[in-house]
Structure formats: C-alpha cells, structure tokens
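Each reported figure results from applying straightforward, stated rules to the coordinates on display, with no laboratory input. All of these numbers come straight from a predicted model, not from anything done at the bench. As a convention, Cβ positions derive from the backbone with ideal geometry for all residues, glycine included, and neighbour counts pool all protein chains shown.
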Ligand SMILES: NC(=O)c1ccc[n+]([C@@H]2O[C@H](COP(=O)([O-])OP(=O)(O)OC[C@H]3O[C@@H](n4cnc5c(N)ncnc54)[C@H](O)[C@@H]3O)[C@@H](O)[C@H]2O)c1
Ligand SMILES: O=C(O)C(=O)C[C@@H](O)[C@H](O)[C@H](O)COP(=O)(O)O
Ligand SMILES: [Zn+2]
C-alpha cells in the first residue's frame, strides 16, 4: 500500500492506495470519531462491494453501521436523490458525530460529500472510490455537490474527507467505457502540470487500457500526488486550482446540453480538453503536431475527440456563460501555455473561440 497526504494543516488527510484495502478495518477505524456510520452507495456497487466494507466496519464493537442504496447514474446526481441520504440519516437517528462513507464513483462521492457538508451543519466523511475517475480525481480535494438542470455541480460546498481509501482491485469490475472516462482526467494532469507524466502516458497507454496493475497503480498515485499538491496550495480555487478544470468549461456544456449521463463526465472532459488544446494552438501556445499527438492519445484511450455532432456554437455559449469560473460576466478558460503547463485567461479573442467551437471534427484546421 502507498500512502499520500493532502497537506491542509490540521485538516490534512491520507490517501491510501493499494489492493485488498476494502477489508482492512484498521484503515477505517482511526477516521471514525463517533459510534455511527452511514454507508452511501448505489445499486450497481452495493452487490459488488458493500458487504466487504460492512464486515470490516463491524469489527469495531458497538459501531452502528447503516446503509443507503441510491439509484445509479449522473441523472440522479441532484437534490431529490440527496434527500434520500438525509432521510436515511434522520430515520436512523444519526447525530453530529456520525461518519458518512461514500462507496462508489464520483457521483456517489460528490453527493455523499455534500450530504456530509450540510447534515446538521457538517459531519465527517470518508471516501472509498471504486472507479478510476474517482480514484484519480473526485475523491481528493473536497469538492462536493450536485447538478442543476441548467449547470453542472452548481449546488455544493468544499468539505474535505477524513481519508481516501482507494482499493485498486475494484477496477477489475469496471466497464471499459468507465475506464476510458477515468483516463481522461489522468491525461489532464500530464497536460496541466506534469510533462514527464504526459510522456509516460504516451508510452504506457496500451498497458493502462489492458489494466496492467502496475501501470494503473502508478497512474493513480501520480495523479493523486499532482492533485494533492494543487489542492494544498489553493483549497477553495482562488487561483491555481482552476487549472484542474482544463476542458471542463466545454465538457460541462456538453454534459448539461446532452442531458446528464448521455456523455460520461470523462468523455466530455476528453473532448473538451481537445477543444481547449485547439484554442491553445490557435493562440500560438502549442504546435500542430502537439495537438495531433493529443488527439491520438485520447483516441488510444477510447475517448471521443469531437463534441456532439448536433451541438451548435450557441448551444455551447449559452452553457459556458454559467460556468463557475465566469468573472465580471466574462468567460474564463483554462488553456495550455505549453504541454505540461496550464494558464487561466479571460483574454481569448472571441473569433478564435468561435473558430474552435465551429471546428467540430476539424479541430486543428485553420
Ligand atoms: N469532486 C471532484 O473533484 C470531481 C472530480 C471529477 C469528477 N467529479 C464528478 O464525478 C462524477 C463522475 O464520476 P465517475 O466517473 O466515477 O462516475 P460514476 O460515479 O457515475 O460511476 C461510473 C459507473 O460505474 C459504476 N461503478 C462504480 N464503481 C464500479 C466498480 N468498481 N465496478 C463496476 N461498476 C462500478 C457506477 O455505478 C456507475 O454506473 C461526475 O459527476 C463528475 O462531475 C467530481
Ligand atoms: O478538483 C477540482 O478542482 C476540479 O476541478 C476537478 C474536476 O475534474 C471536477 O470535474 C470538478 O468537479 C469540477 O469542478 P467545478 O467547480 O467546475 O464543478
Ligand atoms: Zn472533472
């Protein structure tokens, strides 16, 4: 097992990464302060992993262990589903010392985290991510929340977990499409802050897609290390943390326009990162061969390299103007300064943005 730390002073917490961690009672217990735990999971993950987590927790005598099993999917990441968590907490009389435990992917982690941030004005929670995307990104950093019909993650809070327990063996049951979605966020770290990792990904994408355990473990650790460093510098996104949003202004527009769940978050981010890279090329920041190499890497990872065929420029713009990074009414975008370095700008010439949005499957063409 490898242990990384998210360094936030007296709110620092560990990220445990390894195999067989779900069963290890001693990893959970130091992070459970009271006598109650509510496991939040969904109908897909519960039959696979719920009993193992319960068995581990029940080794602590006197601990009340309850569960709530939510419907599965991005379409259920909303306030209605959140209410099912509050219902369970109240019906089972959970108090302020309770601990919530998110067992599942990013949808479960974001919703469980927001329930923890808001229940009785804030209780503890633990992240047990079971998708690649949640192990490399969503379980770390304390962004929690739910979607609104008009925008992604529009209702939420920053609320850090007590620990993150990433059992990489859970990835053995993950559908191929979800593996690819997770790889999109992995590629993101290479692009925004870690060029050597980007080169490693170019050399090792076939191993990752074949779920080589060593390659996966390395990619997860390196991704978490990168994210932990950014979060430690800027927990609430007043500056550098926004770089973790590369591709997301385009990607969130795709997700909400298509209807949540039609495009997976990672798929929309994959297409969105290529749009951001196309714009970076139009701005003269990266070369045409670098743009082509990114397209090839995304394709090798099984990710889309164009947005939805039927999405118009106006469809994009009407969604992009509600992005959380908008400042003084102006869209702010994360672009590439070069491969391995991102920049945040509201100074993009409008005609270049329109060219990118119009380019469709001809990204990278004048
Ligand atoms: N908070 C953050 O910092 C952050 C970062 C990135 C993404 N997100 C959010 O995360 C969400 C996407 O997360 P995701 O990609 O994990 O999607 P997800 O949570 O929908 O999980 C993907 C699918 O895999 C299933 N699943 C989970 N674990 C499994 C396993 N081990 N075996 C088989 N099936 C399994 C789930 O039930 C679901 O059907 C989005 O809502 C996105 O906005 C948040
Ligand atoms: O942790 C962050 O910061 C991120 O931006 C990570 C993203 O991958 C993630 O999708 C996040 O939820 C997007 O945040 P939002 O503030 O744009 O909703
Ligand atoms: Zn994301």
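The C-alpha atoms of the chain define a longest principal axis, and helix 265-282 lies at about 30 degrees to it. Comparing 254, 344, 108 in a Gaussian network model of the chain where C-alpha atoms under 10 Å apart are linked, the largest mean-square fluctuation is found at 344.
Panel order for 356, 29, by other beta carbons found within 10 Å of each beta carbon, from fewest to most: 29, 356. Each of 86, 13 was scored by other Cβ atoms within 10 Å of its Cβ. Arranged with the fewest first, they read 86, 13. Where a ≥ b ≥ c are the square roots of the eigenvalues of the C-alpha gyration tensor, would you call region 218-303 rounded, which needs a/c under 1.5, or, failing that, prolate if a/b is larger than b/c, or oblate? Rounded, since a/c falls under 1.5. Counting only alpha carbon atoms, the long axis of helix 213-233 and the longest principal axis of the chain meet at about 90°. Cα gyration tensor of the chain, axes a ≥ b ≥ c as square roots of the eigenvalues: rounded (a/c below 1.5), prolate (a/b > b/c) or oblate? Prolate, because a/c is 1.5 or more and a/b exceeds b/c.
By the count of other C-beta atoms within 10 Å, a proxy for reagent exposure, 92, 33, 77, 325 are ordered fewest to most as 33, 92, 325, 77. Multiplying the residue separation of residue 155 and residue 318 by 0.36 nm and subtracting their alpha-carbon distance yields 56.8 nm. Measuring from centroid to centroid over Cα atoms, what is the spacing of region 1-77 and region 218-241 in Å? Using only Cα atoms to place each centre, the spacing works out to 22 Å.
From the Cα gyration tensor of region 2-173, with a ≥ b ≥ c the square roots of its eigenvalues, which class applies: rounded if a/c is under 1.5, or else prolate if a/b is larger than b/c, or else oblate? It comes out rounded by the Cα gyration axes.
Could you state the angle between the C-alpha long axis of helix 288-300 and the longest principal axis of the C-alpha atoms of the chain, as a value from 0 to 90 degrees rounded to the nearest 10? Between helix and principal axis, roughly 40 degrees.
For the chain, DSSP calls about 40 percent of its internal beta bridges antiparallel.
For region 251-327 and region 185-209, what is the separation of their Cα centres, given in Å? Rounded to whole Å, the Cα centres lie 18 Å apart.
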